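Quick notes on the structure that follows.
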Amino acid sequence: FIHYKINKPDTPSENNIDIISLCPDNFGNIWLGTKVDGIYKFNIYLNKFANYKNGNPEFFSSGSDNINAISFIRDSKLLIGTVNGLTIFDFKNNITKTYRHNENNKNSLHNNLVCSIFKDKSGQIWIGTANSGFQNFNLESGLFSTYNIFENNKSAKSCSINCITEDNENNLIISSDIGYDISKFNKSNYISGIIDYDYKSSKI
C-alpha cells in the first residue's frame, strides 16, 4: 500500500478529507469524491492532486461540494452525484450540466439526492437516489426512466439506493440503506425481486 497525502488548497497543512467515492478515467487520473471538499483529481503519472469545488475553478459547477458518487462514462465525461442533483462534467472542454428533479416532468431525476451511479457492461447508466429512486439515464436525450423495484415492499418506500452492480446473467443487483434487502432487476423484462439469502450464515 502507498499512502498519498492530500493538502487542502486553502490550508498549508494536511487535513482530514472524507473520501466517499472514486473512479479512474482513461487518461491516467483517479477522481475522488469527498464529503464536503468537492472533487480531487489525482494524476498517477505526475503524483499530483488538483481540487475542483463548486464554482472553483470558475468553469466547474456541480451545485454542491458533497460528492456521493462519481463515475467515468466515456471520452472526457464524468457523472457526478451530489445532494443537489446529477452533474455531467466534461473535464476536457470544461463544461458542466446539472439535472435536477422536476415534479412536472416524469422523465426528470427522481430525487436530487443522488446516492449511486453505475454504468453496466452494455454502456447503460443507472442512477440510485433517495426516496426509493431507481432510474435509467439516457445520456444523449437527458431523460430518466423510472423503475419501481420496491412495489411490494412497503418498508422500502423511502429508502436510498446506495449501491448498484450486475451479475454474470446481466441482472442488476441493488442494495439500499435499509440493509437487509438485496434486489435483483432483470434488464430484459424489467422484473425485480428480492434475493433470498441467510443473513446469519451469509450464504445466498
Next item on the list: Please work out if Tyr4 is touching a Phe, Trp or Tyr at 6+ places or on another chain (Cβ under 9 Å), within 26 Å of Gln135 (Cβ to Cβ) and either outside any strand (DSSP E or B) or open to solvent by 20 Å² or more (accessible area, probe 1.4 Å) (or both).
Entry: no
Next item on the list: For the stretch 118-131, indicate whether the set of residues that are open to solvent by 20 Å² or more (accessible area, probe 1.4 Å) and modelled with pLDDT under 90 is non-empty.
Entry: yes
Next item on the list: Scan the stretch 151-162 residue by residue and report those that are out of contact with any Phe, Trp or Tyr (no Cβ under 8 Å at 6 or more places or on another chain) and either modelled with pLDDT under 90 or open to solvent by less than 70 Å² (accessible area, probe 1.4 Å) (or both).
Entry: Glu151, Asn152, Asn153, Lys154, Ser155, Ser158, Ser160
Next item on the list: For residues that are assigned to a loop (DSSP other than H, G, I, E, B) and modelled with pLDDT of 95 or more, scanning just the stretch 85-101, find the one that is farthest from the chain's Cα centre (by Cα).
Entry: His101
Item checked: Candidate set from the stretch 53-83 (those that are in contact (Cβ under 8 Å) with a residue 24 or more places away in the chain and hydroxyl-bearing (Ser, Thr, Tyr)); member that is surrounded by the most Cβ atoms within 10 Å (Cβ to Cβ) -> Ser62
Margin query: I'm checking my understanding of the structure. Among residues of the stretch 163-175 that are touching a residue at least 24 places away in the same chain (Cβ under 8 Å) and either over 17 Å from Asn131 (Cα atoms) or buried (at least 19 other Cβ atoms within 10 Å of the Cβ) (or both), which one is nearest to the chain's Cα centre (by Cα)?
Written below: Ile164
Notebook entry, point to check: Which condition does Ile44 not pass, out of (1) open to solvent by less than 50 Å² (accessible area, probe 1.4 Å); (2) under 23 Å from Asn93 (Cα atoms), if it passes all the others?
Noted result: (1)
Next item on the list: Could you figure out which of (1) within 26 Å of Leu109 (Cβ to Cβ); (2) modelled with pLDDT under 95; (3) not hydroxyl-bearing (Ser, Thr, Tyr) isn't true of Asp10?
Entry: (1)
Note to self: Looking only at residues that are open to solvent by less than 40 Å² (accessible area, probe 1.4 Å) and in a strand (DSSP E or B) in the stretch 176-187, which one is nearest to Lys119 (Cα to Cα)?
What the structure shows: Phe185
Next item on the list: Go through the stretch 87-112 residue by residue and tally those that are crowded, with 19+ Cβ neighbours inside 10 Å, more than 16 Å from Ile39 (Cα to Cα) and in contact with a Ser or Thr (Cβ under 6 Å, 6 or more places away or on another chain).
Entry: 2
Next item on the list: Please specify each residue of the stretch 70-82 satisfying the condition of being modelled with pLDDT under 95 and either in contact with a Pro (Cβ under 9 Å, 6 or more places away or on another chain) or under 15 Å from Ser116 (Cα atoms) (or both).
Entry: Ile73
Check: Name the pairs whose Cβ atoms lie under 8 Å apart, with the first residue in the stretch 3-24 and more than 16 Å from Asn54 (Cβ to Cβ) and of a type in the set (D, E, K, R), the second exposed (fewer than 10 other Cβ atoms within 10 Å of the Cβ) and modelled with pLDDT under 90, and 6 or more positions between them or separate chains?
Finding: Glu14/Lys5
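The values are calculated or read from the model by the stated rules, or taken from the named source; none is laboratory data. This one's a predicted model, so the numbers in the text were calculated from it and none came from an experiment. Because the Cβ atoms are built from the backbone with ideal geometry, glycine has one as well, and the counts that use them run over all protein chains shown. For the accessible areas, the whole protein counts, side chains as well, though only heavy atoms, and no ligand, DNA or RNA atoms are used. Shrake-Rupley method; radii C 1.70, N 1.55, O 1.52, S 1.80 Å.
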